[in-house]
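Structure first, then comments.
FYI, it's all coordinate maths here, none of it is from the lab. What you are looking at is a predicted structure, and each value in this text was computed from that prediction instead of being measured. Glycine also receives a Cβ, built like all others from the backbone with ideal geometry; neighbour counts cover every protein chain displayed.
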There are 2 protein chains.
Amino acid sequence: MKPYPIPQRIAIDLERVETALSGILNAYPGQLREPAGYTVEAGGKRLRPVLTLIAGQAGIYDYDKLEPVALSTELLHTATLVHDDVLDEAGLRRGRETVNARWGEKTAVATGNMLLTEAFTALCDKSEPFVMKGMTDCAALLSEGELMQQRALRHTALSIEEYNRRVCYKTAALFAACCEFGARVSGAGMADIKALKQYGECLGMAFQVFDDILDVTADEAKLGKPVGGDIRDGTVTLPVIYALARKHSQRLKEIIQTAGPLDDETVNEAIEIIKDSGGVDQARAEARDYLDRAFLGIENISKKALKVELTAIGEFVIDRYN
Amino acid sequence: MKPYPIPQRIAIDLERVETALSGILNAYPGQLREPAGYTVEAGGKRLRPVLTLIAGQAGIYDYDKLEPVALSTELLHTATLVHDDVLDEAGLRRGRETVNARWGEKTAVATGNMLLTEAFTALCDKSEPFVMKGMTDCAALLSEGELMQQRALRHTALSIEEYNRRVCYKTAALFAACCEFGARVSGAGMADIKALKQYGECLGMAFQVFDDILDVTADEAKLGKPVGGDIRDGTVTLPVIYALARKHSQRLKEIIQTAGPLDDETVNEAIEIIKDSGGVDQARAEARDYLDRAFLGIENISKKALKVELTAIGEFVIDRYN
């Protein structure tokens with residue numbers, strides 16, 4: 001796997017974010033401590049805090065102002081993962097048991113609610129009102145995006161527009177918020193804030209499209225969970241939309257529309273159809289296109305060093321398993 | 001059923017709360033509108049907004065300051081109900097299908113998350129920071145209380161202290177917040193704020209104990225859901241704790257500890273044992289005791305008219321199905 005291209009200064013402050021996260025969740029009073037602490041220990045790239053901290057260099061970098069934003073975005077993201085795993089009845093995440101697999105779905109729903117609540121608590125004392133408003137907006141979009149996804153299961157006529165809106169709600173809006181709020185709390189200028197917001201949104205789109213590609217192309221060891229999860233669930237992703245648009249896609253359509261559980265052989269059959277159709281390559285081009293738009297957004301940003309760092313993050317995101 | 005003793009002034013402003021709630025949820029963009037609107041249409045007593053508005057008379061009554069608190073408390077409460085129904089796999093609530101029964105559990109989890117988020121959104125623009133902090137604290141306690149309940153299922157050795165803590169987290173903390181914050185945003189004096197907080201907390205305890213009694217004693221038509229729900233789930237409530245402490249409670253213990261689904265006959269058998277044991281009467285005395293402590297709290301409150309109104313609400317709460 002490629003090294004994670006975080007500048008030294010950001011890496012040091014990311015450690016502080018990590019400590020603060022751990023402080024919130026591992027020190028949580030009561031029975032939620034164990035599952036909550038477990039979610040934070042699972043680690044992950046902490047991409048949202050990283051984006052927040054990097055964007056925080058656009059004005060006058062002040063860790064104390066950035067920390068609440070970084071915590072809030074990561075907690076909101078983690079809450080979503082925990083609830084998504086309940087809804088998907090997922091057993092593995094990042095190579096470890098999910099909260100629902102380990103403690104049951106009831107504990108997982110309570111843990112997700114607690115993490116969602118903590119995402120707002122993190123902002124209560126030390127943050128400006130626009131951050132709170134922006135984070136509640138993001139949380140609402142995430143719920144809506146989750147519902148859109150559930151309602152569109154096995155819906156083989158899903159349009160690219162519908163897919164894009166879902167990805168915007170589920171992923172890109174929060175990426176945009178990290179970049180925008182990081183810049184705003186650092187007192188960056190209006191043009192830079194706008195540029196970073198656009199970067200974040202396009203990066204989020206690229207990230208999710210690439211994630212959807214990984215579900216088809218990765219191997220389980222690297223992915224930390226079984227491949228073909230989206231196919232099993234009936235979630236129609238961009239590579240699938242492209243594959244379905246080709247001739248001779250009848251068999252894929254049948255598989256995606258199958259209501260019951262799919263056996264491994266059928267999932268692998270679907271994966272082969274998607275790969276053979278060119279759907280993966282087309283989706284990869286689309287992810288690249290989003291990334292180029294992300295880079296275009298920050299083309300004229302005031303601090304050139306920032307552009308270099310954000311470009312490195314972008315290239316990593318779209319190619320993170322090579 | 002007894003008439004709901006709300007003063008005219010409060011009833012008028014409760015209509016405004018109702019309109020605002022409906023405005024938030026029925027006007028919600030996207031696919032969450034339907035289930036979200038449905039939850040608010042289901043109505044209910046709106047006890048939390050009522051308490052907020054009544055407590056708001058402790059200082060200088062200002063509806064505009066009280067509305068965000070009233071909305072937030074009701075949204076948080078509704079979020080909890082929607083998630084609880086998912087976890088309990090409940091089919092009926094207030095005589096209507098639950099969100100999970102109507103749209104499936106995935107939609108219900110997303111709807112609950114959206115309602116939880118809206119509880120904080122309602123406070124973003126128009127409220128003081130202590131309200132936001134207080135509401136996130138309440139939400140965290142609610143999650144913890146839910147988890148405590150789930151972990152204690154079929155746990156026949158549950159102590160009264162553990163039961164009380166759970167009830168405090170799940171119900172009384174939010175009642176206390178309604179009364180405290182209603183008073184604080186109206187600029188009431190310190191002593192009155194403290195008095196109202198104590199009233200709210202004790203009222204919440206009384207309310208929940210009485211609710212737990214109703215699960216044993218009410219009939220389905222009045223309750224709007226099947227009786228004996230707690231027994232079916234294995235939730236150990238105060239009447240059950242008292243009944244289990246009596247001699248000859250072996251059969252009740254067996255029933256509560258039964259892991260599989262219980263048939264109606266067995267549930268009714270448990271109900272009869274609980275009633276015969278005197279557990280219901282003892283719990284009723286405990287609820288009365290909490291109510292008396294609630295009234296004691298507001299004994300010396302500055303505005304005597306407020307005391308009369310809060311007493312009427314208290315008497316209604318503990319006797320609301322007669």
Review point. Tell me, B:Asp64, B:Asp211, B:Asp292 in order of fewest to most beta-carbon neighbours within 10 Å?
Key: B:Asp64, B:Asp292, B:Asp211
Study note, to complete from the structure: In whole percents, the bins of 5 Å from zero upward hold the Cα-Cα pairs of segment B:180-322 as 2, 10, 18, 17, 15, 11, 10, 8, 6, 3, 1
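Taking K and R as +1 and D and E as -1, what net charge do the other residues with C-beta under 15 Å from the C-beta of A:Asp281 add up to?
Its environment carries a net charge of -2.
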Check your understanding: For chain B, what relative contact order do you get, as a whole percent, if you take Cα pairs closer than 8 Å and at least 6 residues apart?
Key -> 21 percent
Revision key, fill the gap. If one compares the long axis through the Cα atoms of helix A:63-87 with the longest principal axis of the Cα atoms of chain A, the angle in degrees, nearest 10, works out at 20 degrees
Check your understanding: Hey, if you put +1 on the Cβ of every Lys and Arg and -1 on every Asp and Glu Cβ in segment B:197-255, which of B:Ala218, B:Val236, B:Tyr199 ends up farthest toward the positive end of that dipole?
Key -> B:Val236
Review point. Among the residues of chain B, which one places its Cβ closest to the rotation axis that maps chain B onto chain A, and what is that distance in whole Å?
Key: B:Phe120, 2
Practice item. Please state, to two decimals, what the Cα-based radius of gyration of chain A comes to when divided by 2.2 N^0.38 Å (N = residues). Key: 0.98
Study note, to complete from the structure: Mean-square fluctuation maximum in Gaussian network of chain B, Cα pairs under 10 Å, restricted to B:Thr237, B:Thr80, B:Thr266, hits B:Thr266
Check your understanding: How many percent of Cα pairs in segment A:12-70 exceed 13 Å?
Key -> 61 percent
Check your understanding: Quick one: putting +1 on the C-beta of Lys and Arg, -1 on the C-beta of Asp and Glu, what dipole do you get for segment A:8-317 around its Cα centre, in Debye to the nearest 20?
Key -> 600 debye
Check your understanding: Excluding B:Ser127 itself, what net charge comes from residues whose Cβ is under 10 Å from its Cβ, given Lys and Arg +1 and Asp and Glu -1?
Key -> -1
**Study point:** Estimated inter-spin distance, A:Asp289 and A:Arg96, nm [label 7 Å along Cα→Cβ]
**Key:** 3.8 nm
Point to revise | Total charge dipole magnitude, segment B:178-260, about the Cα centre, Cβ charges on Lys, Arg, Asp, Glu only, Debye to nearest 20 | key: 240 debye
Exercise for review: With 10 Å bins from zero, work out the P(r) of the protein assembly as shown over every alpha carbon pair and list the percent per bin.
Suggested key: 3, 15, 24, 24, 17, 10, 5, 1, 0
Exercise for review: At 7 Å along the Cα-to-beta-carbon direction for both A:His155 and A:Ala245, put a label point, then send me their distance in nm to one decimal.
Suggested key: 1.8 nm
Check your understanding: For label points placed 7 Å from Cα toward Cβ, what is the shortest-first list of nm distances from A:Ala27 to its copies?
Key -> 4.2
Practice item. Sequence neighbours fewer than 8 away in the same chain don't count; with that in mind, list the lysines whose C-alpha is under 16 Å from A:Lys106. Key: B:Lys106, B:Lys170
Practice item. Provide an ascending nm list, one decimal, of label-point separations from B:Glu128 to the equivalent residue in each further copy; define each label point as 7 Å from Cα along Cα→Cβ. Key: 2.4
Practice item. Kindly give the distances from B:Glu272 to its copy-mates, label point to label point, with each label point 7 Å from Cα along Cα→Cβ, as nm values to one decimal ordered shortest first. Key: 6.4
Practice item. Mind sorting A:Phe120, A:Phe207 by how few other Cβ atoms lie within 10 Å of their own Cβ, fewest first? Key: A:Phe207, A:Phe120
Point to revise | Residue exposure sequence - A:His248, B:His77, A:His155 - by fewest surrounding Cβ within 10 Å | key: A:His248, A:His155, B:His77
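Of the cross-linked pairs A:Lys2/A:Lys253; A:Lys133/B:Lys65; A:Lys126/A:Lys304, which ones have a Cα-Cα span greater than 24 Å in the structure shown?
A:Lys2/A:Lys253; A:Lys126/A:Lys304
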Practice item. Determine the dipole magnitude for segment A:208-322: charges of +1 sit on the beta-carbon of Lys and Arg, -1 on that of Asp and Glu, nothing else is charged, the reference point is the Cα centre, and the result goes in debye to the nearest 20. Key: 500 debye
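Which value in deg cm²/dmol, rounded to the nearest 500, describes the helix-derived mean residue ellipticity at 222 nm for chain A, given -39,500 (n - 2.57) per DSSP H run of n ≥ 4 and division by the residue count?
Numbers: 17 runs with 231 residues, N = 322.
-23000 deg cm²/dmol, from helical runs alone.
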